[in-house]
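Just so you know, all these numbers are worked out from the coordinates, no wet-lab data involved. Predicted model, so just to flag it, every value in this text is computed and none were measured. Glycine gets a Cβ as well: all are built from the backbone with ideal geometry, and neighbour counts include every protein chain shown.
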């Protein structure tokens, strides 16, 4: 029985080497090389990554397959074991898109998760958002940047401070795609949010306008949304630099413009809570944030960066040998 187990083990190793060195596996998709452990063909690459990537036959573009859509791969760093992708449906500093959720399978989250230097910005959030209350510790700053900076620096997000789209369900004027327009009104209510709203529609009044924005003093929000100038501190995840003190999540952006609450956070937040639960209308993401100190949001790298790992099963040596370890397929 002992010898049978050894023979079975040897056969398994040979089958694995055949898989990773099989010459029929495509090694290129457009201008992106396809190397182990990744693959675009059945029977190639590491088994854990099978059916995660596809090469479009007409455009020769490589795509990363997720439960809620395919993301175009921009580059792969095999030495650093990372890849960057572009989400065409995600908002950026220049383009505003209707929100959607980012979903990964459990296996993807385990072996190819977003990198620790990828940060997500939750934008145009309601004062009732859990990230302002029970889960405020999930928000952080990085490299000297606070999320309200996006409202003043990005043309696409400035709409939230100038009477544009605001959080659904909090205004009277319906806009396209189910979103609501704020501003332009003279809301005079003094409901549970406390305080009148007579200017931009982002004040703390809760009758006719949004009632979701910060007070003009730039203070944060307390538990009842009244704006008590309380700061919401947070600790960034490992790999994200910057101070976590005096976060002022609800504070308006530089220059005195008001804006709805927002939050810098990691993917784990979006993994456990949908955008509807987070009560934020839009998000964006950017990577390599440790290089962004002193860099304006217009020049950030928008998109997603993933890191992967796989045990060394001998395929790297096989690839470097030119496939000389491979056996002919039956």
* **Nearest-0.05 FRET efficiency for residue 299 and residue 24, computed from C-beta distance (R0 51 Å)** => 0.75
* Distance between modelled label sites at residue 81 and residue 95, nm, 7 Å Cα→Cβ extension -> 3.2 nm
* Asked: Taking the simple approach of a point 7 Å from Cα along Cα-to-Cβ for both residue 65 and residue 128, what is their distance in nm?
  -> 4.0 nm
* Asked: Applying 1/(1 + (r/R0)^6) with R0 = 41 Å to the Cβ-Cβ distance of residue 290 and residue 41, what FRET efficiency is obtained, to the nearest 0.05?
  -> 0.70
* Structure fact -> Heads up, the stretch 56-155 by the C-alpha gyration tensor (a ≥ b ≥ c square roots of eigenvalues; a/c under 1.5 rounded, else a/b over b/c prolate, else oblate) looks prolate
* Asked: For labels at residue 72 and residue 137 in the simple 7 Å Cα→Cβ model, what's the distance in nm?
  -> 4.1 nm
* **Extension reserve of the residue 162-residue 277 stretch, reckoned as 0.36 nm per residue once the Cα distance is removed** => 38.9 nm
